[in-house]
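To start, the structure under review is shown below, and the notes come after it.
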Amino acid sequence: MLRKIPKIIQHLAGRFSGGIPVSLLRCIEQRNFSTMVEEIRGLPKMQEKDLELRLQACAEQAGWNLTEQEKLKAYYYYYCGDLARAVAIAGRYVRGESFDLGLFLMCAIALYQNAQWDDALRILRGVPENNAELQSSRDYWVTRAQILQACNLMHELPEALDRMLELASQNSWVLENALSMSIELGQARRAQDIVEKLDALGVRGYSFSLCLLALGEDRGWEMMECRYEMEEAAQYLNPALLSLPRWRGEENISLLVSTEQGIGDAIQVARYFPLLAQRTSGRVSVEIQSELIDLFEVNFPELDFLPCLRGKVPPGRHERWLGLMSLPWVFGRPGERYLSGIPYLRVPEASADYWHKRASELFSTGVTRVGVAWSGQPRHRADRRRSIPSSQFFQYVQSSGRRVISLQKFRPASCPSCVLDCSDELLTFADTAALIAQLDVVVTVDTSIVHLAGALGKKCLLMLPYCYEWRWGAEGDRTQWYDSVMVIRQRSSGEWDSVLESVFTELDAMEVV
């Protein structure tokens, strides 16, 4: 994955002189620009509003010209997390005679991190491909590959992948990026070779751990624990908890489990919740997304559910804590004993009553009820690969002559009348669960909907990109996570027609009318 800017960096007392590190002052005085960039990278987010002005004053005193001062400000904004201001300055140096490789890469990465993938791609397209400085830059090829991947331009990815490995075949950061790309491209032999290289280098990385899980290697769960110690840990976990004691299996304690990643991940590992109280013999609180609280409180009354307060320690006494995605490592991957417990979610009675009546109004008697979700959260970096263009999906729905109901919160204005919309009534996931319970089958891409349907034991057809996502494995039409889910995969990258044809053929076989 691309190196990201830590959002919270500890202020080390005594390191600064007048708000600026002495080592940074020395770099400015010596006009040592490359070392200065690394020093700025280590700056904490300062409360003093005039730090930027003091840096500029130091640069002026050292004889820096206006262009050099602008570059200094761009790096300062970037590493303080103000990506918009960094891009505004760096964007002046991405082409032509004023081209600056460092600022070009900063601009492209900042746009990528801010989910502005089309803008990042435009930056990439704007430079001559024969630029010698770019062609020999490892970071350029990694950045290029990441942006192509986010824009779902998978046919261009192999060239960037080849160049990455040519330039840095023993660099662990490059290898981790190359491994995830090789898996998505279906390059099994190359992926295995990279795994062997990373093992030989002794790498224990978060991206590596997810790739191992995608390849079916359970050691990925143990390796995933490295995320607690990573520089960018605050991106994955509640930063307010990182310095507190973590749970190591102690009994008779009050335990806090903190959510991480998305709602789908929380539903996926909720199967482990009953084991928590048994293992700790104490009070267990779960910090979770507010949309899930109503649903989880009914299903797991032995636990206390708290709304997620990212950046704050939840109220109450918590002797130990643990990230939610550590539960499969603590209790073991899903096997027969967990699958036999599905469904592990039930619908709250009040929601069930409402949606039983509502579904009777929406569907005629005797008609098989189909719920659909064709796209996910647009800011998700894999969304262009996992989501189906709405026009393409609607074409198949209309051709089938079926009436289906949308399980998405939002739908485009062009949505045809055969796709029913009740998004205003889906206030929490208890509502969505209650609606799914009234359906015969769910058809969805990889969003929280598949996890909810699977946890409820509802038959579900999951439409997946080619070689995508660690939790679904690399092949096969079944998943160890949910026995009611049938996986239908693309035959090649970006090719959805075969998936949709298979889905509607399967619906026909189920005698959906």
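Hand me the trypsin sites (Lys or Arg not before Pro) from the stretch 182-268 located in a DSSP loop with no more than 12 other Cβ atoms within 10 Å, in residue order please.
Arg248
Identify the residues of the stretch 288-332 with backbone N under 18 Å of a label point that sits 7 angstrom from the Cα of Arg279 along the Cα-to-Cβ direction, or state none.
288, 300-305, 318-332
Let me know the shape class of the stretch 376-513, please: from the alpha-carbon gyration tensor, a ≥ b ≥ c as square roots of the eigenvalues, rounded when a/c is under 1.5, otherwise prolate if a/b is greater than b/c, or oblate.
Rounded, since a/c falls under 1.5.
How many nm is it between the label spots at Arg26 and Leu309, if each spot is 7 Å from the Cα in line with the beta carbon?
4.3 nm
Out of every Cα-Cα pair in the stretch 179-309, what percent are more than 26 Å apart?
Counting every Cα pair in the stretch 179-309, those more than 26 Å apart make up 35 percent.
Rounded to the nearest percent, how much of the accessible area of the chain (1.4 Å probe, protein heavy atoms only) is carbon and sulfur?
It is 48 percent, rounded to a whole number.
Select from Ile436, Val419, Leu407 the residue farthest towards the positive end of the dipole of the stretch 402-449; place +1 on Cβ of Lys and Arg, -1 on Cβ of Asp and Glu, and compute about the Cα centre.
Checked the options; the winner is Val419.
What distance in nm separates the two pseudo spin-label positions at Ser360 and Phe410, each 7 Å out from Cα along the beta-carbon direction?
It is 3.5 nm.
Could you do me a favour and compute the accessible area per residue for the chain, 1.4 Å probe, result in Å²?
For the chain, the solvent-accessible area averages 44 Å² per residue.
Quick check: from the Cα gyration tensor, does the stretch 290-394 come out rounded (a/c under 1.5), prolate or oblate?
Because a/c hits 1.5 or more and a/b exceeds b/c, the stretch 290-394 counts as prolate.
If you take Cα extents along the principal axes in Å from the coordinates, which of (i) 81, 57, 46; (ii) 126, 87, 34; (iii) 118, 64, 52 do you get?
(i)
Sort 72-78, 422-428 by the packing proxy (mean of other Cβ within 10 Å over each peptide's residues), most packed first.
For the peptides 72-78, 422-428, the packing ranking is 72-78, 422-428.
Nearest 0.05, what FRET efficiency do Glu133 and Glu68 give at R0 = 25 Å with Cβ-Cβ as r?
0.85
Name the GluC sites (Glu not before Pro) in the stretch 144-225 that are in a loop by DSSP and that have at most 16 other C-beta atoms within 10 Å, would you?
Counting only loop positions with at most 16 other Cβ atoms within 10 Å, the GluC sites (Glu not before Pro) in the stretch 144-225 are Glu217.
Can you compute the modelled spin-label distance between Arg95 and Arg478, with each label point 7 Å from Cα toward Cβ, in nm?
Once both label points are built, they end up 5.4 nm from each other.
The values are calculated or read from the model by the stated rules, or taken from the named source; none is laboratory data. Small disclaimer: the values here were computed from a predicted structure and weren't measured. Neighbour counts run over all protein chains shown; Cβ positions are idealised from the backbone, glycine included. Note: areas computed on protein heavy atoms with side chains; ligands, DNA, RNA excluded. Shrake-Rupley method; radii C 1.70, N 1.55, O 1.52, S 1.80 Å.
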